[in-house]
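Presented below is the structure to which this report refers.
Here, each number is a calculation from the coordinates, and none is a lab measurement. None of these values were measured; they are calculated from a predicted model. Here the Cβ positions follow ideal geometry from the backbone for every residue, glycine too, while neighbour counts run over all protein chains shown.
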Amino acid sequence: MNTFISRSFGGLSRPYYFRHLFFGLLIACVLFWMKTVTHAPTPLLIAWLGVNTLFYPYSRFVWERIVGFIFGDNVFIVPIIILFPIKLATMMVCWQMAILIAPLGLAYLYWHHSREARIAASYD
């Protein structure tokens, strides 16, 4: 079980994970504020915000892998007025769908790190 957790949940680099965790927490705080202006927070709301925030880095990982596969190493020069709303929209979609998208990222990370471990073991 410990191997599964370290290969899947521990599969992202710390800077990558904490960077996206910060943005996920920022999104959760904004949504929490918007929801609680008129209503009292419910345990379900807090659980939903917490789970999506914790899974957001893995969801974002899946998104970036798909975009990287489609576009490759190409660089597009786009005005910030166009780029920022698109980036914000993709962040919101990845956060909203994190509980559905993140398992794909976790499965890929587990497969990838298991494969690396097998290759490293074959060299020993």
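Quick look at the numbers
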quantity: Volume per residue of the C-alpha convex hull in the stretch 9-48, rounded to whole Å³; calculated: 58 Å³
quantity: Kirkwood hydrodynamic radius over Cα pairs of the chain, then Stokes diffusion coefficient at 10 °C and 1.306 mPa s, in µm²/s; calculated: 98 µm²/s
quantity: Segment residue 32-residue 66, length gained on full extension (0.36 nm per residue, minus Cα span); calculated: 9.3 nm
quantity: Dimensionless Rg ratio for the stretch 36-90, taking C-alpha atoms and the 2.2 N^0.38 Å reference; calculated: 1.62
quantity: Given charges at beta-carbon only (K, R positive; D, E negative), |dipole| of the chain in Debye; calculated: 120 debye
quantity: Ranked packing of 106-115, 74-83, most packed first, by mean Cβ within 10 Å; calculated: 106-115, 74-83
quantity: Residue-wise HN-Hα coupling along the stretch 52-65, computed from phi with Karplus coefficients 6.51, -1.76, 1.60 (Hz; x: Gly, Pro); calculated: 5, 5, 5, 8, 4, x, 6, 5, 5, 4, 4, 4, 5, 5
quantity: Ratio Rg/Rh [Cα only; Rh per Kirkwood] for the stretch 62-124; calculated: 1.15
quantity: Computed FRET value (nearest 0.05) for residue 115 with residue 47, which takes r as the C-beta separation and R₀ as 25 Å; calculated: 0.15
quantity: Angle between the chain longest axis and helix 80-96 axis [Cα atoms, degrees, rounded to 10]; calculated: 80 degrees
quantity: Choice from 69, 32, 55 with maximal GNM fluctuation in the chain (Cα, 10 Å cutoff); calculated: 69
